[in-house]
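Chemist: Take a look at the following structure, please.
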Amino acid sequence: MQTRRRFVITGALASATSALGESRSAKAAASERIRIGIMGAGGRALALIQSFAANPNIEIVGIAEVDSSRLPAGLEAAKKHQITSIRPEADFRRLIDDRSIDALVIGTPDHWHAIPTILACQAGKDVYVEKPDAHNIVEGQAMVKAMRKHGRIVQLGSQHRSTTRLQSAIDYVSAGHLGRCLVAKAWESTRQGPIGFPKDEAVPKEVDYDMWLGPAPKRPFNRNRFHSRWRWFFDYGTGDLGNDGVHRLDMALALLDAAAGAQREPTLGLPRTISAGGGKWYFDDAQEFADTLQITYSFGHGRLSKILTYEMRIWAPYKYLGEPEGAAVFGDRGYIVIGNNDWVAYGQGGQELARGSGDSSEIPHVQNFVDCIKSRNKPNCDLETIGHVASVLCHTGNIASRVGRTLTLDPETEQFINDGEANELRGRTSYRAPWLLPDV
């Protein structure tokens with residue numbers, strides 16, 4: 001029997017503590033700093049402002065926000081870590097047009113990921129963009145094409161890829177301890193509440209609502225379709241599958257690929273077939289995406305086949321396999337379960353074989369982005385090879401759920417075979433002028 005090993009992960013915590021403790025005077029020399037612009041000042045963007053501002057190698061030049069009531073908090077968070085002034089902007093294009101800015105950080109809703117990323121790449125800027133990569137598959141493909149064409153670094157904000165927690169789990173699985181792995185699972189079982197049916201209302205005076213809508217269809221203002229809750233609507237978001245599920249699917253992919261590598265088998269790539277069951281069965285409210293899902297992704301052929309399943313129960317007030325949201329990979333010698341704070345490997349008799357811990361801070365992910373801007377190496381969540389793949393899983397799972405049948409995917413074109421209805425959902429049917437998807 002293998003000797004039990006314990007992994008104690010301290011690197012991410014130490015890095016986070018060190019970076020957040022940096023004072024203004026600890027910033028690198030001005031000539032050595034990477035100058036960035038940030039899209040968004042609230043929600044996820046506010047957390048990114050804090051993490052980027054804390055990095056001694058970063059200087060935030062400007063923050064673009066369409067809701068002026070959110071700007072003060074974002075500017076204040078940045079000013080805690082740098083002396084130089086920060087320019088507030090209402091239009092992100094001013095940041096892209098500024099030739100002194102090296103990189104764009106995008107912390108916006110999903111429907112505002114693709115256009116700024118492509119424009120920034122065309123302007124010679126590197127990009128850090130939140131997950132999933134885009135609102136839909138077609139936009140994600142265009143982002144990858146722009147990144148390739150212009151030779152840019154694009155880091156997707158799946159920060160788990162840079163944590164020592166996930167990296168140590170990958171190392172453990174890569175050593176072959178689980179044996180041959182054929183099945184993986186990812187899940188969300190953290191209870192979320194209903195959003196009700198609020199009425200349309202006047203646009204708040206501090207909001208540039210036309211800019212917020214961007215390429216999405218023109219609709220009356222409704223707080224359910226705005227801050228935080230936009231993710232539940234087809235026009236702007238990708239549901240909880242693209243909100244939290246992308247992290248769990250990406251962790252499952254990373255570990256299943258590591259297990260395949262240990263057996264000298266090919267990496268998974270994109271799935272061959274996708275099937276989904278479920279729907280909006282629990283919450284009686286305005287949400288458009290499913291709250292209950294079971295998705296099966298099939299990879300490979302014959303003896304090289306693998307299965308990844310995703311389960312969504314966002315009404316469940318309890319854990320699954322010890323984690324409210326997580327991933328697991330199952331082999332013929334053992335299995336591993338990973339959550340947001342630790343991972344545990346179990347043997348054939350259910351005994352604990354190994355354990356690792358560490359938080360989910362994006363501080364190391366930001367540092368990896370900084371390092372790759374300087375080195376021009378691929379980042380830990382490179383858009384083309386990692387981020388887009390996980391995002392396609394989210395998009396295809398949502399599409400399979402909406403059409404209600406098994407889909408067969410061509411991994412080269414990322415189109416569905418002989419299914420016109422599903423292919424129409426790969427992209428947006430129309431873009432609201434002037435916000436057209438840029439030609440790449």
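Chemist: Restricting segment 375-387 to residues that are surrounded by fewer than 24 Cβ atoms within 10 Å (Cβ to Cβ), part of a helix (DSSP H, G or I) and in contact (Cβ under 8 Å) with a residue 60 or more places away in the chain, which is nearest to the chain's Cα centre (by Cα)?
Modeler: By that ranking, first place goes to Ile386.
Chemist: Only residues that are within 29 Å of Phe416 (Cα to Cα) and of a type in the set (Phe, Trp, Tyr): list them for segment 261-286, please.
Modeler: Result: Trp281, single match.
Chemist: If I go through segment 96-120 residue by residue, how many of them are closer than 19 Å to Ala30 by Cβ and either free of Cβ contacts under 8 Å to residues at least 60 places away in the same chain or assigned by TED's automatic domain parsing to the domain that holds Tyr209 (or both)?
Modeler: Residues in segment 96-120 being closer than 19 Å to Ala30 by Cβ and either free of Cβ contacts under 8 Å to residues at least 60 places away in the same chain or assigned by TED's automatic domain parsing to the domain that holds Tyr209 (or both): 1 in total.
Chemist: I'm trying to understand the selection: among the residues of segment 245-284, which are free of Cβ contacts under 8 Å to residues at least 24 places away in the same chain and buried (at least 18 other Cβ atoms within 10 Å of the Cβ)?
Modeler: Scanning segment 245-284 gives a single hit, Asp257.
Chemist: Mind checking which residues of segment 48-83 are over 24 Å from the mean Cα position of the chain (by Cα) and among the basic types (Lys, Arg)?
Modeler: Listed by number, the residues that qualify are Lys79, Lys80.
Conditions tested, residue by residue: (1) modelled with pLDDT of 95 or more; (2) surrounded by fewer than 17 Cβ atoms within 10 Å (Cβ to Cβ); (3) more than 30 Å from Ala90 (Cα to Cα).
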position	(1), (2), (3)
His135	yes, no, no
Glu139	yes, no, no
His177	yes, no, yes
Gly196	yes, yes, yes
Glu201	yes, yes, no
Asp208	yes, yes, no
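Chemist: Quick one: in segment 410-430, which of the residues that are of a type outside the set (Lys, Arg), in contact (Cβ under 8 Å) with a residue 60 or more places away in the chain and crowded, with 16+ Cβ neighbours inside 10 Å is nearest to Thr273 (Cα to Cα)?
Modeler: Glu414
Chemist: I've got another one for you. Identify all residues within segment 41-91 that are in a loop (DSSP other than H, G, I, E, B) and of a type in the set (Asp, Glu); write none if there are none.
Modeler: Here is the first cut: in segment 41-91, the residues in a loop (DSSP other than H, G, I, E, B) are 41-43, 55-57, 65-66, 80-86, 90-91.
Within segment 41-91, Glu65, Asp91 qualify.
The values are calculated or read from the model by the stated rules, or taken from the named source; none is laboratory data. None of the values given here were measured: they were computed from a predicted structure. Glycine gets a Cβ as well: all are built from the backbone with ideal geometry, and neighbour counts include every protein chain shown.
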